[in-house]
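Shown next, in structure tokens, is the structure this report addresses.
The values are calculated or read from the model by the stated rules, or taken from the named source; none is laboratory data. Source: prediction; values computed, not measured. Cβ atoms come from the backbone with ideal geometry, glycine included; neighbour counts cover every protein chain shown.
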Amino acid sequence: MTPTGFLLLVLTAACMAVANVLMKNGIAHAGGFAPSVSGVFGLLRQPAFVVGFLLTGVAAFMWFRILATQKLSTCYPLFVSLTYSLITLGAFYFLHEKVSAQKIVGLLIILVGITTVARG
């Protein structure tokens with residue numbers, strides 16, 4: 001993976017993590033979500049949800065560039081593991097979700113994996 005590709009991948013993962021935290025916050029402020037027309041309109045009235053949704057689209061375009069220029073067998077595992085790690089940190093810090101010791105150990109193992117795959 002090229003340094004530029006890795007930087008773009010980290011930026012894409014960060015965008016996805018921020019987007020998920022924003023959408024979760026927007027859904028909570030909307031009082032939840034039911035798959036209905038009124039449920040969708042309820043979410044569209046939540047600025048955090050709308051920004052998160054749009055940020056997901058931005059991340060998708062960055063991901064398309066990564067797919068066009070990097071090896072899928074390298075970039076996809078990195079993207080998924082990095083996104084998972086960042087979302088967990090964001091949920092802990094911004095949404096005040098509890099993170100168990102077991103999850104912290106798992107995140108550390110993932111970070112070791114990210115480092116190993118990125119160097120290979």
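Report, by residue number, each residue of the stretch 68-120 that is of a type in the set (Gly, Ala, Ser) and out of contact with any helix residue (DSSP H, G or I) (no Cβ under 8 Å at 6 or more places or on another chain). If the condition is that a residue be of a type in the set (Gly, Ala, Ser) and out of contact with any helix residue (DSSP H, G or I) (no Cβ under 8 Å at 6 or more places or on another chain), then Ala68, Ser73, Ser100, Ala101, Gly106 are the ones that fit.
Go through the stretch 83-107 residue by residue and tally those that are closer than 27 Å to Ile27 by Cα, assigned to a helix (DSSP H, G or I), of a type outside the set (Ser, Thr, Tyr) and modelled with pLDDT of 90 or more. Counting residues in the stretch 83-107 that are closer than 27 Å to Ile27 by Cα, assigned to a helix (DSSP H, G or I), of a type outside the set (Ser, Thr, Tyr) and modelled with pLDDT of 90 or more gives 9. When the residues of the stretch 40-64 are filtered to those that are surrounded by 15 or more Cβ atoms within 10 Å (Cβ to Cβ) and not aliphatic (A, V, I, L, M), the one that is modelled with the lowest pLDDT is Gly42.
Please enumerate the residues belonging to the stretch 32-59 that are touching a helix residue (DSSP H, G or I) at 6+ places or on another chain (Cβ under 7 Å) and without any contact (Cβ under 8 Å) to a residue 40 or more places away in the chain.
So in the stretch 32-59, the residues touching a helix residue (DSSP H, G or I) at 6+ places or on another chain (Cβ under 7 Å) come out as 33, 43-44, 46, 48-53, 55-56, 58-59.
Hits for the stretch 32-59 are Phe33, Leu43, Leu44, Gln46, Ala48, Phe49, Val50, Val51, Gly52, Phe53.
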